[in-house]
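Structure, as structure tokens:
The values are calculated or read from the model by the stated rules, or taken from the named source; none is laboratory data. Please read these numbers as outputs of a predicted model, since none were measured by experiment. Heads up, the Cβs are rebuilt from the backbone with ideal geometry, glycines too, and the neighbour counts pull from every protein chain shown.
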Amino acid sequence: MTFQELQLIEPIYKALQEEGYSKPTPIQAKAIPIILQNRDLLGCAQTGTGKTAAFAIPMLQLLHNNPIKRNEKSRIRSLILTPTRELAIQIGESFAAYGRHTNVKHTVIFGGVGQKPQTDALQRGVDVVIATPGRLLDLINQGFVKLNQLEQFVLDEADRMLDMGFVHDVKKIIKLLPAKRLSLFFSATMPPAIVTLANTILTNPTKVEVTPVSSTADTIKQAVYFVNKSDKNNLLLHILEDATIQTALVFTRTKHGADKVVKVLR
Ligand code: AMP
């Protein structure tokens, strides 16, 4: 599969070449044709699989191919909800990169910083808003954001969104969206609560799944030791006696557990 086979428009194709992307990742090869047909999608994919481009590229193409008319007022056409400010910034950078030869404008909205630059950007007019839920709701309540003419909606990292306690904010935002819209839903895991949430957002979605990318380097040797709980400290001390180990990182499940390990090592 090549980007040419995905029938991307020239401005986007050119931007991908400039990014040095030679071929689509599996999630992109599967998701892009579905989204370009304006069909809802349920994507089971982790960060690192290229999932951001899998939704950003076809969304940009749909927006570019159907520009709003000259006499129409600018309005928010797309919303991407994501759980953290870091993810929001990264997604913003992707829209900037892939959309650099289109006229699609975007802005990023997140909490913990002053809102003035964000409201200024909104008032200048943007097509795409990438936001974390809390600050977005704030700005909606203050009248800076109107979602009643939205065409595209993405819920990114839905499982993390739930873990971080954003479910009520997300539900409030979804209630404000027009019923007729394109909806895309991405989650690394699909526990029942996520499936239920997806069902409230998506209409007749196509499910796309990719296997997670391997996160360990070949140069790292891995081993598992099965020991009783009471022997774990002794095993750790025994392993650390190996003089070739210069530095080590020990993970524990809890803060309390970390304190106990420190005491033993001291
Ligand atoms: P993501 O899973 O969206 O966080 O993307 C992971 C990384 O892969 C990002 O740094 C992207 O710039 C990069 N990437 C996405 N698509 C491609 C592609 N088709 N070829 C090469 N790199 C890519």
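Please determine whether any residue of the range 109-124 is crowded, with 16+ Cβ neighbours inside 10 Å and among the charged types (D, E, K, R).
no
Could you grab me the full set of residues in the range 167-188 that are touching a residue at least 60 places away in the same chain (Cβ under 8 Å), in contact with a helix residue (DSSP H, G or I) (Cβ under 8 Å, 6 or more places away or on another chain) and either loosely packed, with under 12 Cβ neighbours inside 10 Å or part of a loop (DSSP other than H, G, I, E, B) (or both)?
The one that is touching a residue at least 60 places away in the same chain (Cβ under 8 Å), in contact with a helix residue (DSSP H, G or I) (Cβ under 8 Å, 6 or more places away or on another chain) and either loosely packed, with under 12 Cβ neighbours inside 10 Å or part of a loop (DSSP other than H, G, I, E, B) (or both): 188.
Kindly indicate the residue of the range 17-51 that is surrounded by 20 or more Cβ atoms within 10 Å (Cβ to Cβ), within 11 Å of the ligand (Cβ to nearest atom) and among the aliphatic types (A, V, I, L, M) and also nearest to residue 99 (Cα to Cα) among those meeting that condition.
Of everything passing the filter in the range 17-51, 32 is nearest to residue 99 (Cα to Cα).
Of the numbered conditions (1) free of Cβ contacts under 8 Å to residues at least 40 places away in the same chain; (2) part of a loop (DSSP other than H, G, I, E, B), residue 83 satisfies every one except a single condition; which is it?
Here residue 83 clears every test but (1).
With polar (S, T, N, Q) and in contact with a Leu (Cβ under 6 Å, 6 or more places away or on another chain) as the only criterion, which of 118, 123, 142, 152 stands out?
Testing whether each residue is polar (S, T, N, Q) and in contact with a Leu (Cβ under 6 Å, 6 or more places away or on another chain) leaves just 152.
Give just the number: which of (1) over 22 Å from residue 26 (Cβ atoms); (2) in contact (Cβ under 8 Å) with a residue 40 or more places away in the chain; (3) out of contact with any helix residue (DSSP H, G or I) (no Cβ under 8 Å at 6 or more places or on another chain) does residue 209 not satisfy?
(1)
Please go through the range 35-55 and give me each residue that is of a type in the set (S, T, N, Q) and more than 10 Å from the chain's Cα centre (by Cα), ordered by number.
37, 38, 49
Just checking, does the range 252-259 include any residue being in contact with a helix residue (DSSP H, G or I) (Cβ under 7 Å, 6 or more places away or on another chain), over 30 Å from residue 49 (Cα atoms) and not acidic (Asp, Glu)?
Within the range 252-259, none of the residues are in contact with a helix residue (DSSP H, G or I) (Cβ under 7 Å, 6 or more places away or on another chain), over 30 Å from residue 49 (Cα atoms) and not acidic (Asp, Glu).
Could you list, in sequence order, all residues of the range 203-233 that are assigned to a loop (DSSP other than H, G, I, E, B) and within 17 Å of the chain's Cα centre (by Cα)?
210, 211, 212, 213
Within the range 95-108, track down each residue that is crowded, with 19+ Cβ neighbours inside 10 Å and not in a loop (DSSP other than H, G, I, E, B).
Passing the criteria: 95, 98, 106, 107, 108.
Cβ-Cβ distance below 8 Å, separation of 6 or more or different chains: which pairs start in the range 41-57 with a residue that is without any contact (Cβ under 8 Å) to a residue 60 or more places away in the chain and assigned to a loop (DSSP other than H, G, I, E, B) and end on one that is hydrophobic (A, V, I, L, M, F, W, C) and near the ligand (Cβ under 9 Å from one of its atoms)?
50/27
Please name all residue pairs, on different chains or six or more residues apart, with Cβ atoms under 8 Å, provided the first residue is in the range 1-20 and is among the small types (Gly, Ala, Ser) and the second residue is at pLDDT 95 or above.
If the second residue must be at pLDDT 95 or above, the pairs left are 15/97; 15/98; 15/99; 15/100; 15/101.
What's the number of the condition residue 121 fails, among (1) assigned to a helix (DSSP H, G or I); (2) in contact with a strand residue (DSSP E or B) (Cβ under 8 Å, 6 or more places away or on another chain); (3) under 30 Å from residue 191 (Cα atoms)?
With respect to (1) assigned to a helix (DSSP H, G or I); (2) in contact with a strand residue (DSSP E or B) (Cβ under 8 Å, 6 or more places away or on another chain); (3) under 30 Å from residue 191 (Cα atoms), residue 121 is out only on (3).
With the requirement that a residue be within 15 Å of the ligand (Cβ to nearest atom), over 14 Å from the mean Cα position of the chain (by Cα) and within 13 Å of residue 129 (Cα to Cα), what does the range 60-104 give you?
Scanning the range 60-104 gives 60, 96.
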